[in-house]
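Notes for the one structure printed next.
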Amino acid sequence: MKHRLAFLLFLLPFLGLAQERGAGIRLGEPFSLTYKDFFDDYFSWEVMIGSGGINGPGYYQRDFENNPPSSNAFYIGHSASKGVSIHGRVAYHEDFTDVFDISQGYLLGYAGAGAQLRTTQVNYTYNLGAGENGGTFNEQRSNVDFGPEAFVGGEYYFDELPLSVFAEVGMFLELLDRVGHIKGQGGIGVRYLF
(Lines give C-alpha, C1' and ligand atoms only; values in the text may rest on other atoms or scores of the structure.)
Protein backbone atom coordinates (compact mmCIF):
# COMPACT_ATOMS: atom_id res chain seq x y z
CA MET A 1 0.00 0.00 0.00
CA LYS A 2 2.83 2.39 0.86
CA HIS A 3 4.44 1.77 -2.52
CA ARG A 4 1.20 2.57 -4.35
CA LEU A 5 0.77 5.80 -2.40
CA ALA A 6 4.38 6.80 -3.05
CA PHE A 7 3.93 6.05 -6.75
CA LEU A 8 0.76 8.21 -6.93
CA LEU A 9 2.52 11.06 -5.12
CA PHE A 10 5.37 10.74 -7.61
CA LEU A 11 2.90 11.02 -10.53
CA LEU A 12 1.00 14.09 -9.22
CA PRO A 13 3.41 16.69 -10.60
CA PHE A 14 3.21 15.09 -14.04
CA LEU A 15 -0.58 14.87 -13.97
CA GLY A 16 -0.78 18.56 -13.11
CA LEU A 17 1.10 19.64 -16.25
CA ALA A 18 -0.82 20.99 -19.23
CA GLN A 19 -2.46 17.98 -20.80
CA GLU A 20 -1.60 18.64 -24.41
CA ARG A 21 0.33 15.59 -25.58
CA GLY A 22 -2.03 12.81 -26.58
CA ALA A 23 -2.49 9.54 -28.43
CA GLY A 24 -5.77 8.23 -29.72
CA ILE A 25 -7.93 7.12 -32.58
CA ARG A 26 -9.48 9.03 -35.50
CA LEU A 27 -12.63 7.68 -37.16
CA GLY A 28 -13.30 8.85 -40.69
CA GLU A 29 -11.27 9.31 -43.82
CA PRO A 30 -8.64 8.14 -43.19
CA PHE A 31 -9.15 5.86 -40.19
CA SER A 32 -5.97 6.35 -38.12
CA LEU A 33 -4.09 6.08 -34.89
CA THR A 34 -2.88 9.55 -33.94
CA TYR A 35 -0.15 11.05 -31.78
CA LYS A 36 -0.13 14.82 -31.20
CA ASP A 37 2.22 17.08 -29.24
CA PHE A 38 2.82 20.83 -29.01
CA PHE A 39 5.93 22.84 -29.92
CA ASP A 40 4.57 25.75 -27.83
CA ASP A 41 1.20 27.26 -26.85
CA TYR A 42 0.09 27.77 -30.45
CA PHE A 43 1.76 25.20 -32.72
CA SER A 44 1.44 21.42 -32.68
CA TRP A 45 2.78 18.52 -34.67
CA GLU A 46 0.97 15.26 -35.33
CA VAL A 47 1.70 11.85 -36.82
CA MET A 48 -1.12 9.59 -38.03
CA ILE A 49 -0.85 5.99 -39.24
CA GLY A 50 -3.88 4.16 -40.51
CA SER A 51 -5.90 3.00 -43.45
CA GLY A 52 -7.15 5.35 -46.15
CA GLY A 53 -10.31 4.85 -48.15
CA ILE A 54 -10.57 3.71 -51.74
CA ASN A 55 -11.07 6.24 -54.53
CA GLY A 56 -14.11 6.09 -56.82
CA PRO A 57 -14.32 3.44 -59.59
CA GLY A 58 -13.61 5.95 -62.37
CA TYR A 59 -10.28 6.83 -60.74
CA TYR A 60 -8.87 3.32 -61.16
CA GLN A 61 -10.36 2.80 -64.62
CA ARG A 62 -8.66 6.00 -65.86
CA ASP A 63 -5.43 4.85 -64.20
CA PHE A 64 -5.59 1.56 -66.14
CA GLU A 65 -6.47 3.27 -69.43
CA ASN A 66 -3.59 5.73 -69.02
CA ASN A 67 -1.14 2.87 -68.36
CA PRO A 68 -2.42 -0.36 -70.01
CA PRO A 69 -0.29 -3.55 -69.82
CA SER A 70 -0.34 -3.68 -73.65
CA SER A 71 -1.68 -1.50 -76.45
CA ASN A 72 -4.61 -3.84 -77.17
CA ALA A 73 -5.74 -4.28 -73.53
CA PHE A 74 -9.37 -3.45 -72.81
CA TYR A 75 -10.46 -2.67 -69.24
CA ILE A 76 -13.17 -5.00 -67.86
CA GLY A 77 -13.16 -4.19 -64.15
CA HIS A 78 -11.19 -4.00 -60.94
CA SER A 79 -11.29 -4.63 -57.22
CA ALA A 80 -9.44 -2.46 -54.72
CA SER A 81 -8.49 -2.93 -51.09
CA LYS A 82 -7.45 -0.38 -48.50
CA GLY A 83 -3.79 0.14 -47.89
CA VAL A 84 -1.67 2.22 -45.54
CA SER A 85 -2.06 5.94 -44.90
CA ILE A 86 0.76 7.90 -43.19
CA HIS A 87 0.54 11.61 -42.29
CA GLY A 88 2.92 14.19 -40.87
CA ARG A 89 1.20 17.49 -39.96
CA VAL A 90 1.62 20.82 -38.18
CA ALA A 91 -1.18 23.10 -36.98
CA TYR A 92 -1.77 26.54 -35.52
CA HIS A 93 -4.18 26.65 -32.53
CA GLU A 94 -6.35 29.43 -31.13
CA ASP A 95 -8.32 29.31 -27.84
CA PHE A 96 -12.10 29.70 -28.39
CA THR A 97 -13.18 28.89 -24.83
CA ASP A 98 -14.34 32.45 -24.03
CA VAL A 99 -15.95 32.98 -27.44
CA PHE A 100 -18.41 30.14 -26.75
CA ASP A 101 -18.71 30.85 -22.97
CA ILE A 102 -17.40 27.41 -22.05
CA SER A 103 -17.14 27.11 -18.27
CA GLN A 104 -15.75 23.55 -18.03
CA GLY A 105 -12.69 22.51 -20.00
CA TYR A 106 -11.39 24.45 -22.97
CA LEU A 107 -11.82 24.50 -26.74
CA LEU A 108 -9.06 25.01 -29.28
CA GLY A 109 -9.73 25.71 -32.94
CA TYR A 110 -6.93 24.81 -35.34
CA ALA A 111 -5.83 24.92 -38.97
CA GLY A 112 -2.82 23.31 -40.52
CA ALA A 113 -1.04 21.55 -43.33
CA GLY A 114 1.00 18.44 -43.81
CA ALA A 115 2.07 15.66 -46.14
CA GLN A 116 0.31 12.38 -46.74
CA LEU A 117 1.36 9.04 -48.27
CA ARG A 118 -1.36 6.52 -49.18
CA THR A 119 -1.35 3.09 -50.81
CA THR A 120 -4.11 0.98 -52.35
CA GLN A 121 -3.90 -2.52 -53.82
CA VAL A 122 -5.82 -2.81 -57.12
CA ASN A 123 -6.52 -6.03 -59.04
CA TYR A 124 -7.45 -5.29 -62.68
CA THR A 125 -9.31 -7.59 -65.04
CA TYR A 126 -8.77 -6.91 -68.74
CA ASN A 127 -9.15 -8.50 -72.16
CA LEU A 128 -6.60 -8.65 -74.98
CA GLY A 129 -9.22 -9.31 -77.66
CA ALA A 130 -9.32 -12.05 -80.27
CA GLY A 131 -6.26 -13.87 -81.61
CA GLU A 132 -3.75 -16.31 -80.23
CA ASN A 133 -2.90 -14.05 -77.28
CA GLY A 134 -6.55 -13.18 -76.62
CA GLY A 135 -8.44 -13.91 -73.44
CA THR A 136 -9.13 -12.45 -70.02
CA PHE A 137 -6.24 -11.60 -67.70
CA ASN A 138 -5.64 -10.18 -64.22
CA GLU A 139 -2.96 -7.77 -63.08
CA GLN A 140 -2.24 -6.63 -59.52
CA ARG A 141 -0.92 -3.09 -59.00
CA SER A 142 -0.01 -0.98 -55.99
CA ASN A 143 -1.45 2.51 -56.28
CA VAL A 144 0.75 4.98 -54.35
CA ASP A 145 -0.42 8.56 -53.78
CA PHE A 146 1.60 11.34 -52.17
CA GLY A 147 0.93 15.03 -51.65
CA PRO A 148 0.05 17.88 -49.31
CA GLU A 149 -3.05 18.17 -47.17
CA ALA A 150 -4.77 21.11 -45.50
CA PHE A 151 -7.29 20.87 -42.64
CA VAL A 152 -9.31 22.80 -40.05
CA GLY A 153 -10.91 21.54 -36.86
CA GLY A 154 -11.69 21.92 -33.20
CA GLU A 155 -10.55 20.03 -30.11
CA TYR A 156 -12.22 20.07 -26.70
CA TYR A 157 -10.11 19.30 -23.60
CA PHE A 158 -11.94 18.06 -20.49
CA ASP A 159 -11.08 19.53 -17.07
CA GLU A 160 -11.40 16.42 -14.93
CA LEU A 161 -10.49 13.72 -17.46
CA PRO A 162 -7.22 13.21 -19.32
CA LEU A 163 -9.14 13.15 -22.61
CA SER A 164 -9.81 15.37 -25.57
CA VAL A 165 -12.29 14.97 -28.43
CA PHE A 166 -11.86 16.50 -31.85
CA ALA A 167 -13.51 16.93 -35.26
CA GLU A 168 -11.92 18.15 -38.49
CA VAL A 169 -12.31 18.44 -42.26
CA GLY A 170 -9.67 18.80 -44.94
CA MET A 171 -8.39 18.14 -48.45
CA PHE A 172 -5.61 16.00 -49.90
CA LEU A 173 -3.96 17.00 -53.20
CA GLU A 174 -2.10 14.29 -55.12
CA LEU A 175 1.31 15.18 -56.51
CA LEU A 176 2.44 11.60 -57.13
CA ASP A 177 0.49 9.22 -59.39
CA ARG A 178 -2.35 11.52 -60.50
CA VAL A 179 -1.19 15.13 -60.26
CA GLY A 180 -4.00 17.48 -59.25
CA HIS A 181 -6.54 14.92 -57.99
CA ILE A 182 -8.24 16.33 -54.85
CA LYS A 183 -9.78 14.10 -52.18
CA GLY A 184 -11.98 15.42 -49.37
CA GLN A 185 -11.28 14.09 -45.90
CA GLY A 186 -12.64 14.42 -42.39
CA GLY A 187 -12.99 12.67 -39.10
CA ILE A 188 -13.80 12.68 -35.42
CA GLY A 189 -11.71 11.21 -32.67
CA VAL A 190 -10.57 10.99 -29.10
CA ARG A 191 -7.11 11.24 -27.53
CA TYR A 192 -5.79 10.14 -24.16
CA LEU A 193 -3.67 12.97 -22.74
CA PHE A 194 -0.47 12.36 -20.80
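Just a few scattered comments:
- Distance-filtered residues of region 74-112 - backbone nitrogen under 19 Å, label point 7 angstrom along TYR35 Cα→Cβ: 84-91
- For ASP95, solvent-accessible area (1.4 Å; no DNA, RNA or ligand), Å²: 90 Å²
- Per residue, the accessible area of region 101-148 comes to 51 Å², computed with a 1.4 Å probe over protein heavy atoms only.
- Our helix-only sum for the chain, with -39,500 (n - 2.57) per DSSP H run of n ≥ 4 divided by its residues, gives a mean residue ellipticity at 222 nm of -4000 deg cm²/dmol.
- The fraction of accessible area contributed by carbon and sulfur in the chain is 64 percent, rounded to a whole number (1.4 Å probe; ligands and nucleic acids excluded).
- Estimated FRET transfer efficiency when R0 is 25 angstrom, pair ALA150-HIS181 (beta carbons, to 0.05): 0.95
- Looking at region 11-110, the trypsin sites (Lys or Arg not before Pro) that sit in a DSSP loop and have at most 16 other Cβ atoms within 10 Å of their own Cβ are ARG21.
- Each label was represented as a point 7 Å from its Cα along the Cα-to-Cβ direction; for ILE49 and ALA167 these points are 3.0 nm apart.
- The chain: angle of helix 2-15 to the longest principal axis, Cα-based, in degrees nearest 10: 70 degrees
- Over the chain, the pair-distance histogram of Cα-Cα distances with 5 Å bins from zero comes to 1, 7, 13, 16, 13, 11, 9, 8, 6, 5, 4, 3, 2, 1, 1, 0, 0 percent, rounded to whole numbers.
The values are calculated or read from the model by the stated rules, or taken from the named source; none is laboratory data. Bear in mind that the values here come from a model prediction, so they are computed numbers and not experimental data. Because the Cβ atoms are built from the backbone with ideal geometry, glycine has one as well, and the counts that use them run over all protein chains shown. Keep in mind that these areas ignore ligands, DNA and RNA; they rest on the heavy atoms of the full protein, side chains included. Shrake-Rupley method; radii C 1.70, N 1.55, O 1.52, S 1.80 Å.
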